[in-house]
Amino acid sequence: MRRRVAVTINGTSYEHEVEPRTLLVYYIREQAGLTGTHIGCDTSNCGACTVEIDGHTVKSCTMFAVQADGAQITTIEGLAKGSTLHPLQQAFWDEHGLQCGFCTPGMIMAAKQLLDRNPSPSEREIRLGLEGNLCRCTGYHNIVKAIQAAAKVMAPGAEAKAPASVS
Amino acid sequence: MIPAAFDYVVPRTLPEAVAELVKRGQEAKVLAGGHSLIPLMKLRLSTPSFLVDIGRISNLNYIREEDGHVAIGALATHHDIEFSDLLKKKLPLLSGAAAQIGDPQVRNRGTIGGAASHADPFGDFPACLLALDAELKVVGPKGERNIAARDFFVDTFTSALEPDEIVREIRIATPPTGSTGTYLKFSRRSQDWAIVAVAAQVTVSGHNVANVAIGLTGMGSRPLRASGVEQALRGKGAHDEDIRAAAERAAEGTDPPQDLNGSPDYRRHLAQVLTRRALEQITAHH
Amino acid sequence: MAISQMVGASIKRREDPRLVTGTGSYVDDLPQTAIVHMVVVRSTDPHARITGIDTTRAKEADGVIAVFTGKELLSEFGAPLPVTDCFVPTKKYPKHYPLAIDKVRYVGEPVAIVLASSLSAAQDAAERVEVRYESLPPVVDIEKAIEKGAPVLHDEVGSNLSYDVKFAAGDIEAAFREAEVKITQRLIQQRLIPIAVEPRGVVADYRTWARKLTIWSSTQIPHFVKVWAAVILGIPESDVRVVAPEVGGGFGSKIRVYPEEILTALASRRLGRPVKWIEDRGENTKATHHGRSQIWDVEIAAKRDGTVLGIRPTQWLDLGAYCSQFGTFQVLGMLVAQGAYKMKAFDGRAVGVFTNRTPTDAYRGAGRPEATYLIERVMDLVARETGVDPVEVRRKNFVRVEDQPFTTLLGLTYDSGDYRITLDRALQMVDYQGLRREQAEKRKQGKYLGIGLSTYIEICGLGPAVPTQAAVGVSLWGMSVVNVHFTGKATVIIGSSPHGQGHETTYAQVAADVLGIPVEDIDVQHGDTAIGPMGMDTYGSRSTALDGNAVHISAMKVQEKARKIAAHLLEAAEGDVVYEGGKAYVKGTPSKAVTIQEIAVAAFQTSRLPKGMEGGLEATTFFDPTNFVWPFGAHIAVVEIDAETGATRILRYVAVDDCGTRINPMVVDGQLHGGIAQGIGQALFEEAVYDEAGQLRTGSLLDYLVPTAADLPSFELEATITPSPVNPLGTKGIGEAGTIASSPAIINAIVDALAPFGVKDVSMPATPEKVWQLMHRNGGTKR
Ligand SMILES: Cc1cc2nc3c(=O)[nH]c(=O)nc-3n(C[C@H](O)[C@H](O)[C@H](O)COP(=O)(O)OP(=O)(O)OC[C@H]3O[C@@H](n4cnc5c(N)ncnc54)[C@H](O)[C@@H]3O)c2cc1C
Ligand code: FES
Ligand code: FES
C-alpha cells in the first residue's frame, strides 16, 4: 500500500515511500527532517503547519503527502538566504512579533502569501490575511506591526508607501 | 490524529475516476481539495478504505463564460473563485462568498465541486448555488446528467449524487445587466463557519425589483430559499419600507438548528437582519 | 542600583533568530532514535466503574510493543500525583494516580497506554483497547454537586465537597447596617481551556544500566517535575534530569506534574527504550487542565455617594474530578478580592466541589482575574445603582498613595502605587468626557457605545519564602548562578523556566549592566535541572521579580569579587577601587583600569589572586524578597454593540500599566498584548461547554473559540513606573496583568453600552446572541 512520493522542499529533492495516509506535515517533519513546521491542532484551525506549495499556502496537516507528489514546497527553513533572514523573519524579530515562537513559522508563511498577493495591505487586510493562524502569546499586535514593517522593506520603491499604522 | 489506513489511486481522466469508483463501490470516496474529507478522516469520523484523488485531472479548474452561462470546473478552488475577474464582474455573490470561506489556506485548497458535494448545511457555496439556480453537471457510469441546485442539496451531508458519480462542472446562467448579488455571513470568529448567512441576487430595473433570489445558510438541514421574501419583493418597488417588510419573512418555512453557536430564534432573527442588509446593500447601488 | 544602560532598553530578543527560522527544538522536534510512541487510551465516559479492560486485540496489532492498564502499573506508583495546600490546608481530596484504577471520573482521564513502533500503529491499536464501563450518573454542575443525594465521585472523600472555608475581617454586619445601597449579584467565571498553541509532549529515556532517567517535557516546571518523578517512580532525585526544551506557551496549563510525564518514564523503564508522547489537540482540550470554572455570589454594602463599605463574596470553585496539584490556587482570588480599594469589612467564603469534568488549575492569572472581575464589576454595579460615575466611584474608594504600604483587611500589604495616576492618564488617552458626550449623541441615533474601566491591582512575584512555603510546601526563592568564564564571557543560569517570556534576553540585560560585559557575551541558560541548583520555575508572574533579581544579586556578588581581585592586581586598597562598565580602577584614575577580561583570567591563576581567595568568578543566589509585588494599572475599553445582531466591536483598548522597573519595555508590552487578548477571549469568545451527560462539546479549536487576528483590535499602551521597594531592581510582574485587567474592562463596557435597556450584567462570554437576548428580553424596549 505504500506510494512513492517525490517532492522538492526548499530546493532539495526528496523521494520516499509512504503510506497514503501520511499527512504532508509528518512527511516534512519526519522524512525530510524539517521540524520548523509545527502541529498545533487536529481540526485544521491553527495554521502552525502552514507551508507553501507551488506558490500557495497550505495547511500541511490537511493534505496527504501523496497529494504533493511532484510539488515545489517551501517551509520556514527555506526563507533565509544564507545568513540573511527573509525580510519577514527580520521584521518579526525587530518588532517582537513572537514570544514562544510555536505559531511563528506558520504565521510567517501566511504573512508571506499575504504580501505576495497584496504588497501594501491595510491593517484590516493584514488581520484578515492571518485569520487561519492562531497565536496565543502576542495578541497579534506586534505580528501586525511586523508585517507592516516587512511590507515597507519588501515594496519596490519602498519609502513611497507608508504602511497603515497600528495604534 | 492520523487517519485510518486506506489505499489510494490518482486517475488522470474523469472516466478513469468513475471506473475506479464503480470498481470499489461503497468503500471508496472521491478526494478533491480534501478540506472537508481529511479533517473528518483525521478524527476517524470518516474511514474510507479507498480514495480516488481527482485532484490531478486536468482542465477541471476553469472559470469561463460560454453561451450565456458561467461555467466553473469542479476543481476550481475557493481562491480561484474569490480572485476571478469574470466572477467579480458577473457573479460577485459567488466571489464574495468565496472570500468569506474559512481562511486563505483553506481557500487555496478547497474546491467548489467538493463544497457542493459535501452538502454541508453550514457551507457557504450551497446557498449561493441555490440562489443562482445553478446546475451541476455530473458524470457517472451511465454518462452525464444535470442536476438543478434545488434538487441537488437533499439533507445534511447528503446530495443527490450517487456514490459513483462525480460533479464535473457548475453552470450558472449569466445574470442580466442590472442584476447583482452579495453574500452576508455572520459568525462569531473570523475563520468560522456561518451561524447564518444570506445569499442575495437581485435584478433591479428602474426603481423596481424585477427579480430576486435569496439563499439561506444555516437555517435548516440544507440550504434554503427564502421564498416569502422573494414573493414579497418580486415586481415591487425597491424602497426601504418594501425591503424591510419583505425581509421580515426571511425565516418563513425554515427549520434552523439549535447548537453551540445559536438558538433557532436567534437564527431566525439573524436571517431577517442579514436579508434586509443584503437587499439594502444591493439596491443602494441603484 | 547601578546606573544602567541595558535595563530599560528595548533590545531585540536573543531567542528569536532560531525561532523565526524554525530551528528551535520543541519536544516533538528532538532527534529520535529507536523511539517508542505512546498513545493514551482515555475515558469516554464521565463517570463509570471500569469493569474490565481487554487489551488482547490491541497487543496483537501491527507494531505494538506493549499495552498497560492502571491496575497493571499501580504497584509501580510510589506515590499518587502531588497536591499542594494552596490556601486551603483543610481541604479533602482523593488520591489521584496517573492512570485510572477502577473508576473514571472525567472524559479524557487516562485509562491505559499503548506503546508501538510508530505513531500510526499506536493510534490504530489504541482503538482496539476495549474498556468496559458501568456508567454512573455524572455530576456536571457546581451547585448540584453538593445537593443531597448527588452521586459522589470519591468514596474516600465521602461527598463532593472538598472544603468550605471563611476569609473574613472587619464587621460586615455593621457595614450592611450602615449601607444605604445593597446589591446582590451573581458573577460567572466560565470554564476556560488554556490552549497553548504547542500542546504538551514528553520524551522519557530511562537508561537501565546507568540507572538514569531523563525527561524532556513541554512544561513550565522542570524542577518540580524532577522532584515528583523521583518520588513517584522511586528513583533517586540525583538520577533524574528534566529538561524543558523550547516550550510553546503555557499560561498555567503546563504548571503541574502530569500523568504522561510519569507514564512515559515508567514505560521507558519497562521497555529500556526512549518513549515519546505528543498530545493532540483533541486530548489537550480534555487532558490538560482547565481554568476558572467558578461562580461568585456577592452582596455589596455601599453608600449613596458611591463609597463601598464592605462586600460578602462567595466563591464556588469547580475543582473538576480531582484536586489538581495547584487546584485551589484560584482561592487566591478571595485573598486579593479587595482590589485597589479601601473598605471596612470583608466577609468571604470559599467552597470547592468535585464534578465529573477535567480538573481545574492555574490559568493565566489564577485567582486574580476572578478577584479583579469581582471587584471591578462591584465598582460598576455601585456606580449604576447610585448614579455616580464609575470613575468617581473608583476615585472615592481608591487606596491613596499616602496609605502605602497599605494593609488589606485580610492582612496582605501592598508595596507601592498611586492608582489615581494610571487612571487619570488612561482617561486622558481616551478623552473620557468626550466619549461620554459621543455616547449620549449616539444613543439618540440608536447606536450603543460603551465605556468600560478596570483599575486593577494584582499580587505577583511568588514569592517571599515564608508565605509561599505555607501555600505550596516549598519556599519560592529566586535562583541564579552567574559565572564569568576565563575569557570574560559569562553564563547565567536561572531558576525560572521561560516559555515565551524572553528571559534569555532580559536577564542578560540585567547581568550586563552589573558586570559591564556586552549582552551578546552573556548566555542565559534555563529549563534543565542538570545545569544548576533547584529553581522554582515559571508561573504567577514571578520570574523577573524573583529570578531576574537573583541574577542582579549574583552579578553584584561577582562584581564585588572582581573588584577585590582588581584591587590586588592594581596593588590598591580594596576600598579605593571602583568597578564600572566592565572595568575596575582606583578612584580618580580610570585610565589605569583592569578590564573584566583581565580580571577573569586572574581569577583562574592562583598567583594573581589575593591570598586565601578561592578561584573562579562565580556566584549563586537564592533570593528571598521582603514582600510580594503589586503591579497595577487602568484599562479602558470602548465598544460598540450592533443593536440588531448583538455583536460587540472593540473600538479602542487603552491601558496604562505600572510594573515598576521595565527591564525591556518591548517585552513588557508584548506580555500585555497577549494578556489583554486572552482576557478579551474570556470576555467575548471562549467557554468550555459540557452537556448534561458530561461530554465536552468544545473539544477542538473548531468549537473552542480562540480569537484570531481579525477578531482583535490593536492596543494603545502607556506606562508609569513605580519601582517596587521589595527587590533591588524595583521590578514587578507583568505576565498576567493584561488578562487580569481586560475581561472586566470589556464586560463593564458592554454593560455600559446596554444601560438604556436596563441591563446590569452580562455573563461571559458575552456572545452576540446573549447580548441580543438581553436587549430584546422586554421586546427591545428601552428604559
Ligand atoms: C478550517 C476550515 C474552515 C472551513 N471553513 C469553511 C467555511 O467557512 N465555509 C465553507 O463553506 N466551508 C468551509 N470549509 C470547508 C471547505 O470549504 C472545503 O474545502 C469544502 O467544503 C470541500 O471541498 P474540498 O474540495 O476540500 O472537498 P473534499 O474534502 O475533497 O471532499 C468533500 C466531500 O465531497 C466529495 N467530493 C469532492 N469533490 C467531489 C466531486 N467533484 N464530485 C463528487 N464528490 C466530490 C468527497 O468525496 C467528500 O465526501 C472549511 C474547511 C476547513 C478545513
Ligand atoms: S496543525 Fe495544521 S492547522 Fe493546526
Ligand atoms: S508566539 Fe506563542 S503562539 Fe504565537
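The table that follows gives values for the structure above.
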item	result
Helices (runs of 4 or more DSSP H) contained in the stretch C:403-481 and holding at least 3 residues farther than 17 Å from C:Ala545 by Cβ	C:419-430, C:432-444
Cβ pairs under 7 Å, 6+ apart, first in the stretch A:70-81 and closer than 17 Å to C:Thr23 by Cβ and within 13 Å of chain C (Cβ to nearest Cβ), second among the acidic types (Asp, Glu) and outside any loop (DSSP other than H, G, I, E, B)	A:Thr74/A:Glu52
Residues of the stretch A:91-109 classified as out of contact with any helix residue (DSSP H, G or I) (no Cβ under 7 Å at 6 or more places or on another chain) and in a helix (DSSP H, G or I), total	1
Matching residues, the stretch C:546-585, being among the aliphatic types (A, V, I, L, M) and within 13 Å of C:Ala602 (Cβ to Cβ)	C:Ala562, C:Ile565, C:Ala566, C:Ala567, C:Leu569, C:Leu570, C:Ala584
Conditions (1) closer than 23 Å to C:Asp521 by Cα; (2) in contact with a Lys or Arg (Cβ under 7 Å, 6 or more places away or on another chain): number failed by C:Arg563	(2)
The listed residue being within 14 Å of chain B (Cβ to nearest Cβ), touching a helix residue (DSSP H, G or I) at 6+ places or on another chain (Cβ under 7 Å), part of a helix (DSSP H, G or I) and in contact (Cβ under 8 Å) with a residue 12 or more places away in the chain, out of A:Leu88, A:Leu115, A:Leu128	A:Leu115
Conditions (1) closer than 27 Å to C:Pro533 by Cβ; (2) not assigned by TED's automatic domain parsing to the domain that holds C:Leu410: number failed by C:Gln325	(2)
Residue match in the stretch C:723-742 (condition: within 11 Å of another protein chain (Cβ to nearest Cβ), more than 16 Å from ligand 2 (Cβ to nearest atom) and more than 20 Å from the chain's Cα centre (by Cα))	no
Test: residue in the stretch B:127-137 that is out of contact with any Asp or Glu (no Cβ under 9 Å at 6 or more places or on another chain) and within 16 Å of ligand 2 (Cβ to nearest atom)	no
Tabulated pairs, the stretch C:636-648, first over 13 Å from C:Lys770 (Cβ atoms) and more than 8 Å from every other protein chain (Cβ to nearest Cβ), second among the charged types (D, E, K, R) and part of a loop (DSSP other than H, G, I, E, B), C-beta under 8 angstrom, 6+ apart or interchain	C:Glu640/C:Lys447; C:Ala643/C:Lys447
Qualifying residue in the stretch B:61-69 (condition: aliphatic (A, V, I, L, M) and crowded, with 21+ Cβ neighbours inside 10 Å)	yes
Unmet requirement for C:Thr422, which otherwise passes all of (1) more than 13 Å from C:Asp658 (Cβ to Cβ); (2) in contact with an Asp or Glu (Cβ under 8 Å, 6 or more places away or on another chain); (3) surrounded by 17 or more Cβ atoms within 10 Å (Cβ to Cβ)	(1)
Residue selected from the stretch A:27-44 under the condition of a type in the set (A, V, I, L, M), part of a loop (DSSP other than H, G, I, E, B) and away from ligand 3 (no atom under 15 Å from the Cβ), by the criterion farthest from the chain's Cα centre (by Cα)	A:Ala32
Test: residue in the stretch B:136-151 that is more than 9 Å from the chain's Cα centre (by Cα), within 14 Å of chain A (Cβ to nearest Cβ), of a type in the set (Lys, Arg) and part of a helix (DSSP H, G or I)	no
When residues of the stretch B:21-45 are limited to those that are more than 9 Å from chain A (Cβ to nearest Cβ), of a type outside the set (Lys, Arg) and without any contact (Cβ under 8 Å) to a residue 24 or more places away in the chain, the one farthest from A:Ile39 (Cα to Cα)	B:Glu27
Residue in the stretch A:41-58 that is within 13 Å of ligand 2 (Cβ to nearest atom) and within 17 Å of B:Gly55 (Cα to Cα) present	yes
Hits in the stretch A:91-106 (condition: in contact (Cβ under 8 Å) with a residue 40 or more places away in the chain, away from ligand 1 (no atom under 16 Å from the Cβ) and crowded, with 24+ Cβ neighbours inside 10 Å)	A:Ala91, A:Phe92, A:His96, A:Gly97, A:Leu98, A:Phe102, A:Pro105
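Matching residues to (1) surrounded by fewer than 18 Cβ atoms within 10 Å (Cβ to Cβ); (2) more than 16 Å from ligand 2 (Cβ to nearest atom):
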| site | (1), (2) |
| --- | --- |
| B:Arg145 | yes, yes |
| B:Arg150 | yes, yes |
| B:Glu165 | no, yes |
| B:Glu169 | no, yes |
| B:Trp193 | no, no |
| B:Gly206 | yes, yes |
| B:Ala213 | no, yes |
| B:Thr217 | no, yes |
| B:Gly253 | yes, yes |
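The values are calculated or read from the model by the stated rules, or taken from the named source; none is laboratory data. Keep in mind the model is a prediction, meaning the values are calculated, not measured. Glycine also receives a Cβ, built like all others from the backbone with ideal geometry; neighbour counts cover every protein chain displayed.
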